[in-house]
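Note sheet for the following structure.
The values are calculated or read from the model by the stated rules, or taken from the named source; none is laboratory data. What you are looking at is a predicted structure, and each value in this text was computed from that prediction instead of being measured. Glycine gets a Cβ as well: all are built from the backbone with ideal geometry, and neighbour counts include every protein chain shown.
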Amino acid sequence: MDDFADRTYPIREDMRFQQRSWRAERIGWIAMALVLVAAPTGVFFHGPASHRIARSADKYLAIEYERFAHKTALTHFVIRISPPVAEQVLVRLSPAFAVTHDTESIEPRPIRSSGGSYGLEYVFARSAAGDLTVYIAARPKRFGVMSLHVEVEGRGAVNIAQLIYP
């Protein structure tokens, strides 16, 4: 007798349905295994797959950030400018940054800051070494794909994308 044939005795069996449910079960097991493998790499938050460095075309501006973040969880942006053109450096973040993130801290403290339809502008004094590194800690307010634009006057601009999980 064929093991995969429909039976009526002792109980009625639908083997075609049974095979489909076994296939769905295997797909579920594979999906769970993929999630378990992807989690430590940083696909869902901190980790090597999440860490990203974006550079401007002239290589004077670099931004380190996490490609994957969670809504309301602290995420970090590190803006490195080398060497600044003037004694004061203007860093402009796109309006999308103010809409999608709550800024918790900025180090070093800017000399001046302002915001408007053009985005957020921060003016920093350059360091004694001549370069400048700005640390921004922020919490995303929304989830989805966020496209952000960071511009440093005289040093170019960088576009970054961040996926915010709920």
#### Entry: Residue tally, condition in a strand (DSSP E or B) and either β-branched (Val, Ile, Thr) or more than 20 Å from Glu107 (Cα to Cα) (or both), over the stretch 134-156
9
### Residues satisfying the stated conditions in the stretch 124-153, i.e. touching a residue at least 60 places away in the same chain (Cβ under 8 Å) and under 19 Å from Lys59 (Cβ atoms)
Val150, Glu151, Val152, Glu153
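Per-residue answers, yes or no, for (1) over 28 Å from Val37 (Cα atoms); (2) among the hydrophobic types (A, V, I, L, M, F, W, C):
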{"residue": "Arg52", "(1), (2)": "no, no"}
{"residue": "Leu74", "(1), (2)": "no, yes"}
{"residue": "Glu121", "(1), (2)": "yes, no"}
{"residue": "Ala128", "(1), (2)": "yes, yes"}
{"residue": "Arg139", "(1), (2)": "no, no"}
{"residue": "Met146", "(1), (2)": "no, yes"}
{"residue": "Val152", "(1), (2)": "yes, yes"}
{"residue": "Leu163", "(1), (2)": "no, yes"}
### Task
Go through the residues of the stretch 21-28 one by one and say whether even a single one is assigned to a helix (DSSP H, G or I), basic (Lys, Arg) and surrounded by fewer than 15 Cβ atoms within 10 Å (Cβ to Cβ).
yes
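Select, from Arg52, Arg109, the only residue that is basic (Lys, Arg), closer than 25 Å to Tyr122 by Cα and modelled with pLDDT of 85 or more.
So the residue among Arg52, Arg109 that is basic (Lys, Arg), closer than 25 Å to Tyr122 by Cα and modelled with pLDDT of 85 or more is Arg109.
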### Message
Scan the stretch 50-67 and tell me whether some residue there is in the same structural domain as Val91 (by TED's automatic domain parsing) and in contact with a Pro (Cβ under 7 Å, 6 or more places away or on another chain).
### Response
no
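Taking the stretch 122-132, which residues are surrounded by fewer than 16 Cβ atoms within 10 Å (Cβ to Cβ) and either assigned to a strand (DSSP E or B) or not assigned by TED's automatic domain parsing to the domain that holds Ser94 (or both)? Full working, then the answer.
The first filter runs over the stretch 122-132 and keeps only residues surrounded by fewer than 16 Cβ atoms within 10 Å (Cβ to Cβ), leaving 123, 125, 127-131.
Once the filter is applied, which keeps residues that are surrounded by fewer than 16 Cβ atoms within 10 Å (Cβ to Cβ) and either assigned to a strand (DSSP E or B) or not assigned by TED's automatic domain parsing to the domain that holds Ser94 (or both), the stretch 122-132 yields Val123, Ala125.
Within the stretch 72-84, is even one residue closer than 18 Å to Ser105 by Cα and modelled with pLDDT under 85?
yes
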### Task
Run down Gly115, Gly119, Gly156 and say which single residue is crowded, with 16+ Cβ neighbours inside 10 Å, touching a residue at least 12 places away in the same chain (Cβ under 8 Å) and in contact with a helix residue (DSSP H, G or I) (Cβ under 7 Å, 6 or more places away or on another chain).
Gly119
